[in-house]
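Visitor: The structure that follows is given in the form of structure tokens.
The values are calculated or read from the model by the stated rules, or taken from the named source; none is laboratory data. All of these numbers come straight from a predicted model, not from anything done at the bench. Note: ideal-geometry Cβ built from the backbone for every residue, glycine included; neighbour counts use all protein chains shown.
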Amino acid sequence: MKRILSLATALAALAAPLAVSAQDLAITNATLAKGDGSAPVEGATVLVQGGKVVAAGVGIAVPAGLETVDGTGKWVTPGLFAAFTDLGLWDVQAVSDSNDTEADDSPFNASLDVVPALNPANEHIAVSREGGVTRASVTPAPGKSIFAGQGALIDLGHDAKIVDAPRAFQLVVLGESGARLAGGSRVAASVVLHNALREAKALASASAGADRASDAMLTHADAAALVPVVKGEQPLYVKAERASDIRAVLALKSEFPALKLVLVGATEGWLVAREIAAAGVPVITMPLRDLPEQFEALGSTQSNTGRMVQAGVKVAIGMFSGDNQPRWATEQAGNLVALTRIPGATGLTWAQAFAAITSIPAEISGVGGKEGILAPGAVGDVVLWDGDPLELSSAPVSVWIDGVKQPFDSHQARLRERYKDLDRTYLPKAYSW
């Protein structure tokens, strides 16, 4: 019997994923962008030990015997932090069996939690990792309610343990989408939202074992899921585009002062930028939206992000869901830099734009100073680029997450390697007519 148990234990050990140790390394002679809003510096060194950043800057001594990577002609940065994604929730959008982004027929909404559906082997995670993305926030999409559920923070490391923080935030959708879900108008969406928060507030203050009101509309699970929101323990991400909808979101704090609000979208945010800044509410936006394709986006402009930043709003580039891939964050940030060269437009400096895809989304997600930045004590998420990361011609050469070097083995990468040098001998013969 003992032999059988020993054999079973050995087989289980072989079947388990092998733990990969963090590397102690130094990257030297590179152009360094810390992600903190400071300008890049040349000839810099980054030290990573025990999975953490120990030092990053110029004139740093490298300990003897430490593995060293020569970064001459290259750039070294923190990993990109992709705010507001659906990474790991779907394989093929049009195939419902592989798509867990929304739960249209579920009796629950606010209590939905993305964690059970997250797939570490998801191909979109691998492709994003090869594009320099090391951390992300993952959110569900609304099904039949304005409440989509609870999102999570993940790392994109090549292992099974990707969840950094479950139930990291709650998402509610207002504006035109919220109006449709609530019954056909913004009026209905407002009533649904306020009623839900009031039910959660009543549940939070009720004594143990007390019965809920007989006219309660939320399931107990959904009301309980909103309790941390009304207590200010869980951020409430609110998707709103129109200026008047944004004002309505900011007004929520008059009744629920503990709310930790984050605006998502804010296409017309520039019209109320001073009000957003005064309220201290951060924004996650899609920066290149500039078409008045909906009534709630009539004021859309690519200068939206720059104008909000000028007004003092903390703005992260995000909304990487569906066809907007997280690895395109650098392209979108680079466009905001280019915008500064257009007369009458408002863009961002290089340092501001890079911070908008690294340290700022990390701060909004509650992990500022630990992720999206190269500073002592931060996680060892490091990306070595073959050039300026905001240039379209540049790409990651190597990626480390928590000090562990990541493989470039996505399906896309394998196809590239298979076909880039294909001998013409193996091509099918052409037809002769």
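Visitor: Take the residues of region 199-258 that are of a type in the set (D, E, K, R) and in contact with a Leu (Cβ under 7 Å, 6 or more places away or on another chain): which is nearest to S145 (Cα to Cα)?
Guide: Of region 199-258, the ones of a type in the set (D, E, K, R) are 199, 201, 211-212, 215, 222, 231, 233, 239, 241-242, 245, 247, 253, 255.
Checking the rest, the ones that are also in contact with a Leu (Cβ under 7 Å, 6 or more places away or on another chain) come to 199, 212, 239, 245, 253.
Details: E199: 16, R212: 21, K239: 13, D245: 18, K253: 22 Å.
Only one residue tops the list, namely K239.
Visitor: Out of the residues in region 354-366 that are within 12 Å of the chain's Cα centre (by Cα) and of a type in the set (A, V, I, L, M), which is surrounded by the most Cβ atoms within 10 Å (Cβ to Cβ)?
Guide: Applying the filter and picking the extreme gives I357.
Visitor: Among (1) more than 25 Å from the chain's Cα centre (by Cα); (2) at pLDDT 95 or above; (3) farther than 19 Å from P376 by Cα; (4) not basic (K, R), where does A44 come up short?
Guide: For A44, the exception is condition (3).
Visitor: I want to confirm something. Restricting to region 20-41 and keeping residues that are aliphatic (A, V, I, L, M) and modelled with pLDDT of 95 or more, which single residue is surrounded by the fewest Cβ atoms within 10 Å (Cβ to Cβ)? Steps first, answer last, please.
Guide: Going through region 20-41, the residues aliphatic (A, V, I, L, M) turn out to be 20, 22, 25-27, 30, 32-33, 39, 41.
Within this subset, residues satisfying the condition of being modelled with pLDDT of 95 or more are 25-27, 30, 32-33, 39, 41.
Values: L25: 21, A26: 21, I27: 25, A30: 24, L32: 22, A33: 27, A39: 10, V41: 14.
Once the filter is applied, the top-ranked residue is A39.
Visitor: Same structure, new question: Working only within region 87-117, note down all residues that are hydrophobic (A, V, I, L, M, F, W, C) and crowded, with 19+ Cβ neighbours inside 10 Å.
Guide: Initial filter on region 87-117 (hydrophobic (A, V, I, L, M, F, W, C)): 87, 89-90, 92, 94-95, 103, 108, 110, 112, 114-115, 117.
L87, L89, W90, A103, A110, L112, V114, listed by residue number.
Visitor: Right, another one. Pick out the one residue from P292, P228 that is buried (at least 17 other Cβ atoms within 10 Å of the Cβ) and either without any contact (Cβ under 8 Å) to a residue 60 or more places away in the chain or farther than 14 Å from V315 by Cα (or both). Don't jump to the end; show me each part of the working.
Guide: Numbers: P292 fails: buried (at least 17 other Cβ atoms within 10 Å of the Cβ).
Exactly one residue qualifies, and that residue is P228.
Visitor: When E296 is evaluated against the numbered criteria (1) outside any helix (DSSP H, G or I); (2) touching an Asp or Glu at 6+ places or on another chain (Cβ under 7 Å), which criterion, by number, is the only one it fails?
Guide: In the conditions (1) outside any helix (DSSP H, G or I); (2) touching an Asp or Glu at 6+ places or on another chain (Cβ under 7 Å), E296 misses (1) alone.
Visitor: With respect to L181, determine if the residue is within 18 Å of I146 (Cα to Cα) and not β-branched (V, I, T). It would help to see each step written out before you state the result.
Guide: Numbers: within 18 Å of I146 (Cα to Cα): yes; not β-branched (V, I, T): yes.
In short, yes.
Visitor: What helices (runs of 4 or more DSSP H) lie completely within region 108-221 and have 2 or more residues being over 30 Å from V397 (Cβ atoms)?
Guide: Values: elements: 123-130, 175-182, 186-205.
Answer list for region 108-221: 175-182, 186-205.
Visitor: Run down G318, G366, G312, G347 and say which single residue is part of a loop (DSSP other than H, G, I, E, B), touching a strand residue (DSSP E or B) at 6+ places or on another chain (Cβ under 8 Å) and within 30 Å of V379 (Cα to Cα). Break it down stepwise before answering.
Guide: Working: G318 fails: part of a loop (DSSP other than H, G, I, E, B); G312 fails: touching a strand residue (DSSP E or B) at 6+ places or on another chain (Cβ under 8 Å); G347 fails: touching a strand residue (DSSP E or B) at 6+ places or on another chain (Cβ under 8 Å).
Among G318, G366, G312, G347, only G366 is part of a loop (DSSP other than H, G, I, E, B), touching a strand residue (DSSP E or B) at 6+ places or on another chain (Cβ under 8 Å) and within 30 Å of V379 (Cα to Cα).
Visitor: For region 235-253, check the following and say yes or no: at least one residue is over 17 Å from L174 (Cβ atoms) and either among the charged types (D, E, K, R) or touching a helix residue (DSSP H, G or I) at 6+ places or on another chain (Cβ under 7 Å) (or both).
Guide: So the first thing to find is which residues in region 235-253 are over 17 Å from L174 (Cβ atoms), and the list is none.
No, every residue in region 235-253 fails to be over 17 Å from L174 (Cβ atoms) and either among the charged types (D, E, K, R) or touching a helix residue (DSSP H, G or I) at 6+ places or on another chain (Cβ under 7 Å) (or both).
Visitor: Still on this structure: Pull up region 227-256, narrow it to residues that are in contact with a Phe, Trp or Tyr (Cβ under 8 Å, 6 or more places away or on another chain) and not in a loop (DSSP other than H, G, I, E, B), then point me to the one that is farthest from E296 (Cα to Cα).
Guide: For region 227-256, the residue satisfying everything is V230.
Visitor: Under 9 Å by Cβ, and 6 or more places apart or on different chains, what pairs join a residue from region 155-183 that is more than 19 Å from V249 (Cβ to Cβ) with one that is of a type in the set (K, R)?
Guide: D155/R135; D155/K161; L156/R129; L156/R135; G157/R129; H158/R129; D164/R135
Visitor: Here's something else I'd like to know. Collect the residues in region 257-293 that are among the charged types (D, E, K, R) and not in a helix (DSSP H, G or I), keeping them in residue-number order. Working first, answer last.
Guide: The first filter runs over region 257-293 and keeps only residues among the charged types (D, E, K, R), leaving 260, 268, 274-275, 289-290, 293.
Those that are among the charged types (D, E, K, R) and not in a helix (DSSP H, G or I): K260, E268, R289, D290, E293.
Visitor: For region 321-343, which residues satisfy the criterion of being part of a helix (DSSP H, G or I) and either of a type in the set (A, V, I, L, M, F, W, C) or on the phi > 0 side of the Ramachandran plot (or both)?
Guide: Filtering region 321-343 for residues part of a helix (DSSP H, G or I) gives 326-341.
Result: W328, A329, A333, L336, V337, A338, L339.
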